[in-house]
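One structure is given here, and the rest of the page talks about it.
The values are calculated or read from the model by the stated rules, or taken from the named source; none is laboratory data. None of these values were measured; they are calculated from a predicted model. Quick reminder, even Gly has a Cβ in these numbers, built from the backbone with ideal geometry, and neighbours come from all protein chains shown.
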Amino acid sequence: MLVAAGMKPIRAAVVCMVANTAPVAFGAMGAPITVLGSTTFPILTQGVFANANQASITFGHMAGRQSPIMALIIPLFLVALVDGVRGLKQTWGVALTAGVVFSGAQFFASNFIAYEVTDVIASVLTIVVIVVLLRFRKSGDTHADHVATKVSVEDHLKAASSTGGARVWGAIAPYVIVVTVFALSQIPVIKSWLASTFAFVFNWPGLQPANFAKNADGTIVPQPLDFCGIVTAGQAKAETLTSCSLGQVNLYGVLATGSLLFIAGLITAAVYRMSPKETAGVFGRTVKSLAFTIVTVASVLAIAYIMNGSGMTISLGSALAAAGAAFAALSPVLGWLGVAITGSDTSSNALFGGMQVAAAKGVWPGSVAHEILMATSNSTGGVMGKMISPQSLSVAAAATGMLNQEGEIFRKVVGWSVLLLAVFAVLVVLQSTVLIGMVPVP
């Protein structure tokens with residue numbers, strides 16, 4: 001799109017890579033945060049969170065107190081990338097407005113609505129505000145490098161025949177529907193009804209042989225350690241069990257986000273007046289295009305659960321705890337490396353989220369706030385590595401027609417990646433000390 005607007009391919013690629021930082025932690029309907037909660041729940045201090053979903057919600061709250069700070073300055077960086085000092089002088093007001101609106105919406109949505117729709121709300125709101133602002137702003141001179149070119153439209157698409165308001169609302173409809181569906185699902189009455197009505201809990205063979213017996217007053221009868229096929233470090237110290245944290249699966253917790261998104265997709269298809277055959281075709285093509293991604297993410301999650309259950313995560317985290325209080329600065333670096341290697345914030349959280357919690361326990365024993373902070377920093381700090389991951393570089397090169405020039409793009413963005421990481425590391429250090437009150441502890 002930027003190339004079509006007249007921007008040079010290399011510049012368009014760099015701008016997109018740097019822009020794809022602040023939103024990543026909440027991307028894919030909050031998938032990185034959801035995975036962070038599910039993989040760290042067995043390692044977090046027992047009794048603080050009732051389930052992995054509550055842990056994810058708290059991580060979403062914390063991410064909403066970190067990402068917005070970076071989102072506030074990213075638009076200014078983008079303007080500097082596009083047009084240097086001159087661009088900053090001419091458009092700093094618009095860029096700052098975009099940063100304030102996006103960061104404010106991120107904070108509000110993640111803390112008071114639902115972390116799954118944070119990016120959707122922030123993006124749509126920012127676009128609306130900027131469009132309105134530009135209506136009243138005098139246009140400046142157009143640089144020779146930024147002369148727009150005509151964009152072709154596929155006439156056979158139904159959307160191509162729409163005009164005026166119908167076309168605009170048709171483009172906005174999917175986002176409005178997704179936000180509405182997820183917002184409704186977070187209303188306490190509806191949320192509790194969904195969780196109780198559609199909960200399907202079963203014991204995983206070999207990890208939890210049977211349900212725990214209960215006393216007459218409803219309390220759970222403690223069982224010996226060998227009752228569960230696998231136990232957490234905290235359970236091993238207690239020597240008795242009242243739950244098999246790693247042995248029971250609740251399908252509602254696993255499928256909730258995807259199911260709501262699927263429902264939003266069906267509603268969108270109805271709004272677009274698509275036939276069942278067309279809807280099924282689009283769904284099938286989407287699954288086919290994401291087949292390798294699905295397998296990759298599932299495999300990484302499997303490795304993460306094995307690492308958590310086998311004690312590998314605890315061992316690695318304990319070793320990292322030797323860094324002491326300096327680990328606060330290392331925490332986002334680990335996430336950065338994870339995303340740079342895997343190309344995914346979700347995968348990085350699955351691999352290193354538990355390690356962050358284990359290290360936090362070693363450095364700050366008994367501090368749930370630091371466990372939450374370090375785990376979340378793995379995700380929010382990791383996004384700075386997205387722009388230098390081989391996967392992202394390949395996509396950017398292909399999208400801008402710069403095949404086999406990933407190295408050129410890398411050289412342009414690596415400095416920005418390190419700079420943003422350094423700024424974020426300072427923020428985490430402050431939040432681990434004088435700003436520890438920013439951490440939402442249940």
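Out of curiosity, is residue 25 modelled with pLDDT of 85 or more and under 14 Å from the mean Cα position of the chain (by Cα)? In short, yes.
Looking only at residues in region 197-218 that are under 37 Å from the mean Cα position of the chain (by Cα) and at pLDDT 75 or above, the one that is surrounded by the fewest Cβ atoms within 10 Å (Cβ to Cβ) is 197. Restricting the first member to region 194-214 and to residues that are over 14 Å from residue 228 (Cβ atoms) and among the hydroxyl-bearing types (Ser, Thr, Tyr), and the second to residues that are assigned to a helix (DSSP H, G or I) and at pLDDT 75 or above, no beta-carbon pair is closer than 8 Å while six or more apart or on different chains. Of all the listed residues (293, 257), the sole one being under 21 Å from the mean Cα position of the chain (by Cα), closer than 28 Å to residue 417 by Cα and at pLDDT below 85 is 293.
Those helices (runs of 4 or more DSSP H) of region 317-416 in which at least 3 residues are surrounded by 24 or more Cβ atoms within 10 Å (Cβ to Cβ), considering only elements entirely within it, cover 327-342, 345-363, 368-382. One residue stands out among those in region 81-100 that are among the small types (Gly, Ala, Ser) and crowded, with 17+ Cβ neighbours inside 10 Å: the one that is farthest from residue 132 (Cα to Cα), which is 87.
Residues checked against (1) part of a helix (DSSP H, G or I); (2) under 24 Å from residue 412 (Cα atoms); (3) modelled with pLDDT of 90 or more:
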position: 29; (1), (2), (3): yes, no, no
position: 35; (1), (2), (3): yes, no, no
position: 38; (1), (2), (3): yes, no, no
position: 48; (1), (2), (3): no, no, no
position: 58; (1), (2), (3): yes, no, yes
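Answer yes or no as to whether residue 173 is within 12 Å of residue 264 (Cα to Cα), within 27 Å of the chain's Cα centre (by Cα) and either modelled with pLDDT of 75 or more or not aromatic (Phe, Trp, Tyr) (or both). Criteria met by residue 173.
Annotation note: of 162, 103, the sole residue that is among the small types (Gly, Ala, Ser) and modelled with pLDDT under 85 is 162. Selection over region 355-384 of residues that are under 17 Å from residue 54 (Cβ atoms) and at pLDDT below 90 gives a count of 0. Of all residues in region 45-68, exactly one satisfies the criterion of being buried (at least 24 other Cβ atoms within 10 Å of the Cβ) and touching an Asp or Glu at 6+ places or on another chain (Cβ under 9 Å), namely 60.
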